[in-house]
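Bear in mind that the values in this text are calculations on the coordinates, not laboratory data. Just so it is clear, the structure is predicted and the values come from calculations on it, not from any experiment. As a convention, Cβ positions derive from the backbone with ideal geometry for all residues, glycine included, and neighbour counts pool all protein chains shown.
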Amino acid sequence: MSVIPARASSATAPSTTDLPALHRLTLPNGLRVLLAPDPSTPVVAVSVHVDVGFRSEPEGRTGFAHLFEHLMFQGSESLEKLAHFRHVQGSGGVFNGSTHPDYTDYFEVLPSAALERALFLEADRLRAPMLTEENLRNQVDVVKEEIRLNVLSRPYGGFPWILLPPVLYDTFPNAHNGYGDFSELEQAGLDDAAAFFDAYYAPGNAVLTVAGDLDIEATTRLVEKHFGDIPARATPARPSFAEPIPTVERSRTVPDAHAPMPALALGYRLPDPSRDLDGYLAHTLLGSVLTDGEAARLQQRLVYGDGIVTDVSAGCGLFGSPLDARDPDTFTVTAVHPAGVEAAQVIRAVDEELDRLAGVGPDGAELSRIAARWASSLYHEHDRVMSRTLALGSRELLYGRAELAVELPRRLAEITPAQVARAAATLRDQGRAVLVVEPGTGEDPNPDANEEQQ
Amino acid sequence: MTATAIRTHRDAAQIGRTETGPRPLPPLGSARAAAELELVERTLPSGLRVIAVARRTVPTVELRLRIPFAGEEDTRAARAEMLASTLLSGTARRDRVAIDDELAAIGGELGAGVDPERLLISGSGLAAGLPTLLDVLADLLVAAGYPDAEFGRERERLVERIAVARSQPRTVAREALQRRRYGNHPVTRELPDASDVTAVTSGDVRQLHATAVLPAGSTLVLVGDVDPERAITLVGEALGGWSPPGTASELPPLPALTGRDLLLVHRPGAVQSQLRLSAGAVGRTDPRYPALQLANLVLGGYFSSRLVENLREDKGYTYSAYSLMEFSPSGAALLVETDVTTDVTAAAVLETRYELARLSAVPPTAAELDSARNYAIGSLLISLDSQPGLASMLSALAGVGLNEAWLRGHPARLAAVTPEQVADAAAEFFTPTAFTGVVVGDADVVGSRLRALGGIELP
C-alpha cells in the first residue's frame, strides 16, 4: 500500500562487502538517526520510518494508518498541497511512502545536491503537517480508488494479505483489513488525524536514515538544523499484539467473482524474530526449499510431478519479504490450481513434503544453493541506494539493528539442515489457517455489495 | 466522550503551526555527475553484439540478451510464448532441475520473456560464477531440447496463466487498445490465444528456435563486478558455438497513428473504467525528442504533472494517471492511461481531453519546465545507479539502435531545450484530435454519459 503506485523495478538488495560503517546518533528530541555513507554513488536517499502501522489503528477506523500516510503528502507548515511532490521531483528525485503492519515509511532518492532539501521536506511534515478537511476528503477518494484498483476490480485482490489474517488471528490488530472498510474510511475525520499524529508521529517514535553520497559531519549538522527543533513529545507505549498459536485448523472459503481458477492459502505462525532470529530465518529457507526455483520440493511435485497446481509460493511475511514485521508474523503457502483439483489434494501434498523435511531435512547442497540465491538477491537490494536505505531503516526500527540488513546473507548461509527440519516440524505441530478462494459462479456480481464486503 | 472530557491531543490547526512559522526551501547544492562508464563493446564473429560494463558496487553480475523476435503469422505469439516458457526445460547436457541447480549454486537465475518485438533472456548471479552463467546460457542457445516430457505440462500452465491474465482489467484494456491502434499488425499479439497454445508442439518450438534464436542482430549486455575485457573474452569462449546463419527478425514498422473516436469496450459489472489514449510521437534520435520528453512529463510523465494534479489531487477520480512514451524500432507513441471509478468515467475522459488541449494551447510555464528538466536528468541518474537498471537501459537502447553515447549526451540535450521548443512539441503532439484509444467499462452504466460527451464509439 503506497501513496503512489510503485513503478516496476527488478526485485533486488545488501552485502557485507565493502559496506561503510553505519553511524548512529540520537537527537535530544529522541529522533534516532542512521547515516550510511557510500562514496561510489552520485545519489542520496532519505527515509523516515515511523513506529506505527495498520496493526495500531483504532477499531472503527480500519485503513486509517494508510490513509494518514497519504495525508502526510498533502502539505505542511512551509509547504502547500502538492509542494512536496514538486520539490522532490523538481530536484530530480523520486519518492514514495508505504504502510506496513508495524511501521510507515516515507522516502525519497535524489541527486546528492538535493540532500538538504530532502531533509527539510521530511522535517517540515514531521514537525507540522497541514491536516485539512478538504485534503482528507480528497485522499479518502484516492484511497478508495487504490482499493478498487488493487482489490475490488481484479482477480485475487487482497489475496492473501487481506483475506488470510482474519482466519489465522482473533484480535482486531492482527485480523482486520489494513486497507480499510469503505464505510470506516468515509467516517474518518480530521480529529482522528490530529489524534493519530500526536500519538504516533513524535520524533522519538521515528528513525531517520540517510544513505549514499554524504559527508558524515556535514549531514549531521544538516539533520540537527532541520530536525533539531521539533519538540520532543511522549512516545506511545508499544502494545503487544501477541496471540496464542492456534492448536487446531481454522478454515474459510471466500468467493472471488473475477478469479478464473481456485486458489488457496495456508497461514502459520512464525517464531518471534527478535527472540529467535535463526528460527525465523530457518523458516525463510524452508519457504525457498518448498517453492523457489525449478528444483524446489513443491514446484517439482505439484507443478511438474502431479501437475495439479499452476503456481505455488511459500515464505515469511504476508507481503512476500521476510523480516518486515514484529511478532506475530505469518508464514504463508499460496497456490493457484485448476478447478478440477481439490484443495485437499494440494494441502495433503504440502503436509507430506513438510513431514518429509521434518524427518530428514533438506540436503546440505540444496540448502547451500538456496543460501547463495538469497545472498545474490540481497546484494542486489544493497546495490540500489533506495532499497538499501529502506532495508536499513526498517530493521533499525523493528529490531533495533540495521546491521541485520547487512548480515543477512551470512546469517542465512549459517542455517543448518537440522534447523530447517525443525522449522518444518514446527509448522506441522501447530494449528493453521486454510483459506480457499472460489471463482465466481457466473452470477453477475453486485459491485456495491462487493465493496461493502471488503 | 462527554463534553467535559479533556482532549489529550492538539487539534489539526495547532499541529500545522509553529512559532517560527513557514521556513524557506533550502537551495540545491552542487551537482555531482555520474562516474564515466568503464565499458567495452565488441561484435563477435557470429554477429552478436556484446557490451560489458564494470559496476563493482556489489559482487554480482547482471545479464540481458536481447534477440529481435518478430514474426508475421497469427499463431506466432503462441509458439513464441511456448519457446520462452520451455527454453529452460532441458538440453542435451542438463535437464530442467540440473539447469536450475547449477544456476542456484552461483546464486544465479536465468529467465526468458517474449513480446511481439523481442525475446529477452535476463539473468544474474554472483560475479565469480559468470563462467557458469555463460555456460548454461550457451547450452540453452545451442542445445535447448524442449523435451516432450516437460512440454505438455508447460503448455497446460501457459493456458492457465493466460486465463488469469485475461481476467485482469489492465490486460483487457491493453488488448483493446492494441487492436484499436494497430489493427492486425503483429505488434498487437502480446498474449496468445489459448486455442493456439494448445496446438503448439515441441517440434514447432524447436523449429522456431532454429530459425529465430539468432546471434546476428542480437545484443548481450553484462553489467557488474567484472573486468569488461575479460567478460567479453569469456562470452566469446562460451558463446562461440552459437553461430547459426541469418539475422534476428526486427518488428516491421508500425502503422502511423491517426486520431479517432475512443472505442467503448463493455466489461459487465466493472467497478472501474480503464481509459487508454494514444497518439503518434517521435523516437530518441529525433531532434524534437528532448522537448517532447519534457512536454510529456508536464502532462503526465511524473507525479508533479497536470494530469495527476487534476484527476487525482483535485478531483479524487483515480489512484494514478500518467502519460508515457512507448518505443519501437520504427518510432514511438504517446500513451495516456488512468483507471477511474465507474461513476466518473465520462468526467475523467473530459478532464483528460481538457489537459491534452490545454497542453497544446497553454505552453508549460517556466517553473513546470524547470521541474520537468531536473526530473528528467535526475531520475535518469538514479535509474542507472544499479546493475539491473543500467543493464536494462543499455539493452533497451540497443533495441532501438542506440548505445551509451546517447545516454552520456542526453543530460546536455535536456539542458539545452528552450521553452519555445517545448511549446512547439506540445502543440505538435498533444492535440486531442490526434489521439485514438479505448474506454473499458460497464457500458450499461457509463454509456449514456459518454455518448453525450461525444467522440466515443459505443459498442
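Per DSSP H run of at least 4 residues, take -39500 (n - 2.57); add these up for chain A, divide by its residues and hand me the 222 nm value, nearest 500 deg cm²/dmol.
For chain A, the value works out to -12000 deg cm²/dmol.
List the pair-distance distribution P(r) of the stretch A:190-243, using every Cα-Cα distance, as the percent of pairs falling in each 10 Å bin from 0 up to the bin containing the longest distance, rounded to whole percents.
Going out from 0 Å in 10 Å bins, the stretch A:190-243 shows 19, 36, 29, 15, 2 percent.
Averaging the inverse of every distinct alpha carbon separation and then flipping it gives the Kirkwood radius. What is it for the stretch B:262-457, in angstrom units?
That comes to 17.6 Å for the stretch B:262-457.
Which value, to two decimals, describes the C-alpha radius of gyration of the protein assembly as shown once divided by 2.2 N^0.38 Å?
0.92
What is the distance in Å between the Cα centres of the stretch B:82-111 and the stretch A:398-430?
Each part reduced to its Cα centre gives a spacing of 27 Å.
Averaged over A:220-233, how many beta carbons belonging to a partner chain fall within 10 Å of each residue's beta carbon?
So the per-residue partner count for this stretch is 1.
Mind checking the full-extension length gain between A:Ala237 and A:Arg24? Use 0.36 nm per residue of separation minus the Cα-Cα distance, one decimal, nm.
Value of the extension gain: 74.4 nm.
What number, rounded to the nearest 500 deg cm²/dmol, is the helix-based mean residue ellipticity at 222 nm of chain B, given -39500 (n - 2.57) per DSSP H run of at least four residues and division by all its residues?
My calculation for chain B gives -13000 deg cm²/dmol from helical runs alone.
At q = 0.12, 0.20, 0.21, 0.25 Å⁻¹, what base-10 log of I(q)/I(0) does the Debye formula yield for the stretch A:134-230 when every alpha carbon is treated as an equal point scatterer in vacuo?
These q points yield log10 I(q)/I(0) values of -0.68, -1.05, -1.08, -1.26.
How far apart, in nm, are the 7 Å Cα→Cβ label points at A:Ile245 and B:Ala31?
5.6
At each listed q (0.18 Å⁻¹), what is the log10 of I(q)/I(0) that the Debye formula gives for the stretch A:250-439 modelled as equal alpha-carbon point scatterers?
Listed by q, the Debye log ratios stand at -1.22.
Taking every alpha carbon pair in the stretch A:289-359, what does the distance histogram look like in 10 angstrom bins from 0, in percent?
Percent of Cα pairs in each bin: 19, 49, 28, 4.
Lysines within cross-link reach of A:Lys81: Cα-Cα under 19 Å, excluding same-chain residues under 8 positions apart?
The qualifying lysines are B:Lys315.
Write down the Kirkwood hydrodynamic radius of the stretch B:271-316, to one decimal in angstroms, obtained as one divided by the mean of 1/r over all alpha carbon pairs.
12.3
Whole number please: convex hull volume per residue, Cα atoms of the stretch A:37-151, in Å³.
So the per-residue Cα hull volume is 127 Å³.
Hey, got the average number of other protein chain Cβ atoms within 10 angstrom for residues in B:369-376?
4
Along the three principal axes, how long is the stretch B:355-455 when you take its alpha carbons, biggest first, rounded to the nearest angstrom?
Extents along the principal axes, in whole Å: 51, 32, 23.
How large is log10 of I(q)/I(0) for the stretch B:174-312 at q = 0.11 Å⁻¹ when the intensity is taken from the Debye formula with one equal scatterer per alpha-carbon?
-0.81
If you take all C-alpha pairs in chain A, what percent of them are over 31 Å apart?
Cα-Cα pairs of chain A separated by over 31 Å account for 44 percent.
For A:87-97, what's the mean count of beta carbons from other chains sitting within 10 Å of each residue's beta carbon?
Shielding by partners across A:87-97 averages 6.
In units of 2.2 N^0.38 Å, what is the alpha-carbon radius of gyration of the stretch A:10-227?
Cα Rg divided by the expected 2.2 N^0.38 Å: 1.07.
In Å and whole numbers, how far do the C-alpha atoms of the stretch A:82-211 stretch along each principal axis, longest first?
Sorted from largest, the Cα extents of the stretch A:82-211 read 48, 32, 29 Å.
For chain B, I need the span (max minus min coordinate) of the C-alpha atoms along each principal axis, in Å, sorted largest to smallest.
That gives 77, 59, 56 Å along the principal axes, largest extent first.
Would you kindly work out the equivalent ellipsoid of the stretch B:38-238 from its C-alpha gyration tensor and give its semi-axes, the square roots of five times the eigenvalues, largest first in whole Å?
31, 20, 16
Compute the acute angle (0 to 90°) between the alpha-carbon long axis of helix A:385-399 and the principal axis of greatest extent of the alpha-carbon atoms of chain A; round to the nearest 10°.
80
What value does the stretch B:263-339 have for Rg/Rh, both radii from Cα atoms and Rh as Kirkwood defines it?
A ratio of 1.05.
What is the distance in Å between the Cα centres of the stretch B:180-259 and the stretch A:69-122?
Answer, in whole Å: 41.
Using only the Cα atoms, what convex hull volume per residue in Å³ does the stretch B:231-300 have?
For the stretch B:231-300, the hull spanned by Cα atoms encloses 296 Å³ per residue.
Please give the FRET efficiency for A:Asp351 paired with B:Ala194, using the beta carbon to beta carbon distance and R0 = 35 Å, rounded to the nearest 0.05.
With R0 = 35 Å, the Cβ-Cβ based efficiency is 0.60.
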